[in-house]
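The values are calculated or read from the model by the stated rules, or taken from the named source; none is laboratory data. Not measured: the values here are computed from a predicted model. A quick note on method: Cβ atoms are made from the backbone with ideal geometry, for glycine too, and the neighbour counts reach across all protein chains shown.
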Ligand SMILES: [Zn+2]
């Protein structure tokens, strides 16, 4: 079943996912990941993502990973090649903070505590 998604329906006024609704936040972050994978593609290009399929055919989680394709009108079409049941079409994504792909690398913050401190 195809779901058509406009991320702006869920984002707050700063363009961030909501903090006060965990379920919506999970959904928005899933869409954000798909935008991050699909936004930088040229028209007609596709790639596999590390976003898991959300379907449960036969009550078991589908093992598939979603693919993203940049289709007509610059929309991002996402689908599971394994079960062919999880389908999302994302439009109006171009001015979200994920449109350009992953953030550019930056040096680590010097004041950030390290996970493994020497004795
Ligand atoms: Zn699937």
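Restricting the first member to region 1-13 and to residues that are without any contact (Cβ under 8 Å) to a residue 12 or more places away in the chain, and the second to residues that are surrounded by 11 or more Cβ atoms within 10 Å (Cβ to Cβ), the beta-carbon pairs closer than 7 Å and six or more apart or on different chains are 12/18.
Residue check: is residue 58 loosely packed, with under 12 Cβ neighbours inside 10 Å, farther than 26 Å from residue 11 by Cβ and touching a strand residue (DSSP E or B) at 6+ places or on another chain (Cβ under 8 Å)? Steps first, answer last, please.
On the way: loosely packed, with under 12 Cβ neighbours inside 10 Å: yes; farther than 26 Å from residue 11 by Cβ: yes; touching a strand residue (DSSP E or B) at 6+ places or on another chain (Cβ under 8 Å): no.
No.
Taking the conditions (1) under 24 Å from residue 17 (Cα atoms); (2) modelled with pLDDT under 95 in turn, residue 79 satisfies each one other than (2). Looking across region 18-47, the residues that are in a loop (DSSP other than H, G, I, E, B), out of contact with any strand residue (DSSP E or B) (no Cβ under 6 Å at 6 or more places or on another chain) and touching a residue at least 24 places away in the same chain (Cβ under 8 Å) come down to 39, 40, 42, 44. Just to be sure, is residue 104 under 23 Å from residue 7 (Cα atoms), at pLDDT below 95 and either loosely packed, with under 11 Cβ neighbours inside 10 Å or touching a helix residue (DSSP H, G or I) at 6+ places or on another chain (Cβ under 6 Å) (or both)? Judged against the criteria, residue 104 is a match. Taking the conditions (1) within 16 Å of the ligand (Cβ to nearest atom); (2) surrounded by 15 or more Cβ atoms within 10 Å (Cβ to Cβ); (3) at pLDDT 95 or above; (4) in a loop (DSSP other than H, G, I, E, B) in turn, residue 93 satisfies each one other than (1). Residues in region 26-42 that are in contact with a helix residue (DSSP H, G or I) (Cβ under 7 Å, 6 or more places away or on another chain) and either within 16 Å of the ligand (Cβ to nearest atom) or over 15 Å from residue 87 (Cα atoms) (or both): 28 only. I'd like the full set of residues that are assigned to a strand (DSSP E or B) and either over 15 Å from residue 31 (Cβ atoms) or within 12 Å of the ligand (Cβ to nearest atom) (or both), limited to region 48-87. Hits for region 48-87 are 48, 51, 52, 65, 66, 67, 69, 70, 78, 79, 80, 87.
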